[in-house]
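Right, one structure below, let's go through it.
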Amino acid sequence: MAGAERVIAVDPVQHRLDKAANYNGVETYFLEDTAQAGTELYELAKGGADVIIDCVGMDGLEPVKEKAKNLVSLQSGTISPLQMASQAVKKFGTVQVTGVYMTPASSYPLQEFFMRDIAVKHGQAPIIHLMPKIYAMIAEGLFDPTQIITHSLPLSEAAQAYEIFDKKEDKNIKVVLKP
């Protein structure tokens, strides 16, 4: 978020937005209706966002219509976050996709990206390459990961940790395993 003039966190889980609102200047948008969200975010950003970072992937809010379509197609999980991003980003803007989409996306908004000359960058977060920078930021006091770690479990409880995270139990943000 360093250098961003404005940051808007979007989530269908209120406790995550509450946590995001604690950071300096972060605005929040509670996602209830995926059909209108892209347009509303475009207007909220006064003509679209310069950059949208999608960190959702298959974990997103999946509308009933999308669930029904997925039952009869090759797609699983949700594609609506990418559709929202294509609507909320401004012309010539950038969408960074770090969310994990595991299957073919029959509703990928290619035409929307192409017609508005939107740069789309794909790839899962290359965390291994970023670790030295992240460690330095922690050491310099620029980032405190404990602010987002809500659960810490021993490695022997990995299955329980995954269940807590997957089911969004107990107001979790990030669940970590300790050896």
Shape of the stretch 127-178 from its Cα gyration tensor (a ≥ b ≥ c, root eigenvalues): rounded if a/c is under 1.5, otherwise prolate when a/b > b/c, or oblate? prolate
Between their Cα atoms, which of Lys19/Lys174; Lys91/Lys133; Lys46/Lys168; Lys46/Lys174; Lys121/Lys171; Lys46/Lys91 are more than 21 Å away from each other? Lys91/Lys133; Lys46/Lys168; Lys46/Lys174; Lys121/Lys171
Two-site label geometry, Thr39 and Val7: point separation in nm, points 7 Å out along Cα→Cβ: 3.0
Report the local net charge at Ala85: Lys and Arg +1, Asp and Glu -1, summed over other residues whose C-beta lies under 10 Å from its C-beta. -2
Ile149 paired with Asp117, simple spin-label distance in nm, labels 7 Å along Cα-to-beta-carbon: 4.5
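Read the figures in this text as sums done on the coordinates, not as results from a lab. Since this is a predicted model, take the numbers as computed values, not measurements. Cβ sites come from the backbone with ideal geometry, for glycine too, and all protein chains shown count toward neighbours.
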